[in-house]
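See structure below.
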C-alpha cells in the first residue's frame, strides 16, 4: 500500500516536471510569466503615401541636388593670443551651371578659405564674387560639372499659412529637409544687426547650419534664403526662423552683376509707421502712412525739401519725434509702413527719381526725390 502511494506521488511529480520543461523548450516566444505565444500583426502591402507626402518626396528629390554645404575657415585668437584656425558651416544653393552659389554673408564673413561640398559629395574651392553685409547675402562661384540650378520664384505675394519647405545642412547633417508654414511677414534685425525687410517668418525647423539654404514653396521653388533663428537663449530651433525674401536677393544679384557690389537706394529718412489709432491721437490728416522722424543731413529727402519732426514725444516707453511730413505714397503706390518703402526701393537704383506724396500739416503735397545710396551705417 505504501509502495503504491509512493509510486503515485512520483508519477504526479514526474508528469508535472515533464510537462513544464517540455512546453518551455518547444513553445515559441514565451517570456517570463507568459501564458500564450506572441503574435505580430504585419501589413500585407507597402503603405500608400498621401498627396502631401508624395509632393514633399518629389520636391526633395528635385531640389536637393541644388543645395550645397559650405565650410568656411577663419583665424581666431586662442587663450594665449595665438592665431588658430576655426571652421564654420552653412548652406547655399546653386543658381546656374556656371557654378554661382547664393548664401548668407555671415556664413563666409572674414573667411580665408571656403570649401563647397555638392550633393554628390565632391569638394570644391569657392571664390567670393560679391558680398552684401547689409542684406546678409553673398555670391560664390565654383568650377564644377553637372550642376543643377535651383528654380527661383517671387516673394511678392506670399501669404501667412502658406506651406514651405527648408533644405540645408543643420549641425552638418547634409541634405536635411523640414516643413512648416509661413508664420508672418515682418521686419527683423539680421545676424549682422542690419534690418531684413519683409523677412519670412516660418515654423519650419531651421537650425545652425541651415543658414544660406533655400526656403521653398510647395512647388519646390525658392522664395527665401534661410538666415537666422529666434534662439531665446538656446542655439537651436524654437519654432521661429527667418528667411530673406528672394526678391531682395534678386535685386542684390543684379547689383553684383552690373556694378560688382550691392547698391542700395535710400530716401535718407527714419520713419514711424502710422496706424488709424495713432493718426487719431496725433490729429493727422490720413489714417495711414509713415511719419518722417529724422531726415539724414544731405540725404535725398532733405535735398528734396522733405522735413523731419521737431517735437519729442513718447509712444509707450519709446521716444519718438513728431511734427514731420507724413508720406502716404511713392510713385502712386500707397505707403503704410517701412516694408512698402523697401518694396519701392527694390525697384530702383541710386540716382533714380521718385515722386513722393506727403502731408505737411493738413496740406497734401508732392516732391521729386533723387534717391541717394545707402551706406553700411544706415538702417
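What full-extension length gain, to one decimal in nm, is calculated for residue 313 and residue 49 as 0.36 nm per residue of separation minus the Cα-Cα distance?
89.1 nm
At 7 Å along the Cα-to-beta-carbon direction for both residue 352 and residue 162, put a label point, then send me their distance in nm to one decimal.
2.1 nm
Please compute the alpha carbon radius of gyration of segment 163-259, then divide it by the globular-protein estimate 2.2 N^0.38 Å. Two decimals is fine.
This ratio for segment 163-259 stands at 1.03.
Given the Cα-Cα distance of residue 189 and residue 39 and 0.36 nm per residue of separation, how much length would full extension add, in nm?
Computed gain between residue 189 and residue 39 is 48.2 nm.
Which distance in nm do the two modelled labels at residue 368 and residue 110 give, with both placed 7 Å along the Cα-to-Cβ direction?
4.7 nm
Between residue 64 and residue 12, with labels modelled 7 Å along Cα→Cβ, what's the label distance in nm to one decimal, could you check?
Rounded to a tenth, the inter-label distance reads 6.8 nm.
According to the square roots a ≥ b ≥ c of the eigenvalues of the Cα gyration tensor, what is the shape class of segment 284-330, taking rounded for a/c under 1.5, prolate for a/b larger than b/c otherwise, and oblate for the remainder?
oblate
Using the count of nearby Cβ atoms within 10 Å as a rough guide to exposure, how do 67, 128, 59, 188 rank from fewest to most?
128, 188, 59, 67
The numbers here are math on the coordinates, done by the rules we state, and not lab data. Everything quoted here is computed from the prediction, not taken from an experiment. Positions of Cβ are backbone-derived with ideal geometry, glycine not excepted, and every protein chain shown enters the neighbour counts.
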